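The values are calculated or read from the model by the stated rules, or taken from the named source; none is laboratory data. Since we're looking at a predicted model, the values are computed, not measured. We place every Cβ from the backbone using ideal geometry, glycine too, and count neighbours over all the protein chains shown.
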Amino acid sequence: KRLREPKEERRPWRIWFYDTSKQAIGALFIHFANVFLSDLTEEDPCSLYLINFILDATLGMLLIWLGVKVVSWIVQHKKHTYLVFGEYG
């Protein structure tokens, strides 16, 4: 995906790695949560995955959005410039 970005706007490899590693960690977490829940409840793993995906795509995104807004406000209020989201420099 990085190579599909316009050359003049392309993120450096390190920043690209930071961004994609967060996505990979989240995907691994939901995968193992699904495996654990399917063993625990003896339900169909596919239906549990669908439930997990829907919750993650709705409620999870809302919680992440709220969390980012709260942390961004705190960072701006306290003037912690090294903690701004998306700024790794």
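Numbers at a glance
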| read-out | value |
| --- | --- |
| Of all residues making up the stretch 77-89, the number that are surrounded by fewer than 11 Cβ atoms within 10 Å (Cβ to Cβ), assigned to a helix (DSSP H, G or I) and at pLDDT below 90 | 2 |
| Enumeration of residues in the stretch 46-66 that are surrounded by 13 or more Cβ atoms within 10 Å (Cβ to Cβ) and not aliphatic (A, V, I, L, M) | 49, 52, 53, 56, 60 |
| Residue match in the stretch 67-76 (condition: part of a helix (DSSP H, G or I) and loosely packed, with under 10 Cβ neighbours inside 10 Å) | no |
| Looking only at the stretch 1-37, and only at residues there that are of a type in the set (Lys, Arg), surrounded by fewer than 13 Cβ atoms within 10 Å (Cβ to Cβ) and farther than 15 Å from residue 87 by Cα, the one that is modelled with the lowest pLDDT | 1 |
| Filtered residues of the stretch 41-66 (kept if in a helix (DSSP H, G or I) and charged (D, E, K, R)) | 56 |
